[in-house]
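The values are calculated or read from the model by the stated rules, or taken from the named source; none is laboratory data. Keep in mind it's a predicted model, so treat the numbers as computed, not measured. Cβ: placed from backbone, ideal geometry, glycine included. Neighbour counts: every protein chain shown.
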Amino acid sequence: MYQPSKAIKMKLTEFTYGSDNTEKFGDVHSRSISPWNYTINHDPNRIPSEIREAKCLYMRCLDARGEQDNQLNSVPIKQEILVIKRHWKQCKYSYKLQRQVLIVGCSCVRPRVQTST
């Protein structure tokens with residue numbers, strides 16, 4: 001049974017979450033009608049220290065001519081992952097498993113319409 005007060009030993013291997021999968025998935029981010037670019041989110045006190053995160057290029061989705069369509073919104077797709085955070089406490093490091101929400105891509109949706117009653 002897990003007891004939060006007990007320490008556990010782990011072998012930590014560095015990796016990059018969301019590393020370049022262009023060969024596997026192609027250039028979906030640029031072919032989408034809701035295109036996005038990637039940025040690197042860097043935190044030296046997190047494992048993984050580098051996470052690739054998407055950023056939507058437009059507020060609206062693109063039509064067949066590549067122009068923004070006012071009838072469709074481009075919105076981020078979010079995913080929650082687990083990361084390990086390193087904290088300096090009482091002259092030593094401690095590690096804690098934490099949740100982090102990432103933007104992994106963008107998608108097109110119809111705008112929300114609010115009706116007045």
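Observations
- Failed item, numbered, when residue 96 is tested on (1) exposed (fewer than 11 other Cβ atoms within 10 Å of the Cβ); (2) under 16 Å from the mean Cα position of the chain (by Cα); (3) not small (Gly, Ala, Ser): (2)
- Pair list, Cβ under 9 Å, 6 or more apart: the stretch 91-116 residue over 20 Å from residue 40 (Cβ atoms) and at pLDDT below 90, other residue assigned to a strand (DSSP E or B) and aliphatic (A, V, I, L, M): 111/72
- One residue from 102, 97, 72 being out of contact with any Phe, Trp or Tyr (no Cβ under 7 Å at 6 or more places or on another chain), under 22 Å from residue 26 (Cβ atoms) and part of a strand (DSSP E or B): 102
- Residue 67 falls short on exactly one of the conditions (1) surrounded by 12 or more Cβ atoms within 10 Å (Cβ to Cβ); (2) out of contact with any His (no Cβ under 8 Å at 6 or more places or on another chain); (3) of a type in the set (D, E, K, R), and that condition is (1).
- Restricting attention to the stretch 1-37, the residues that are at pLDDT 95 or above and in a strand (DSSP E or B) total 2.
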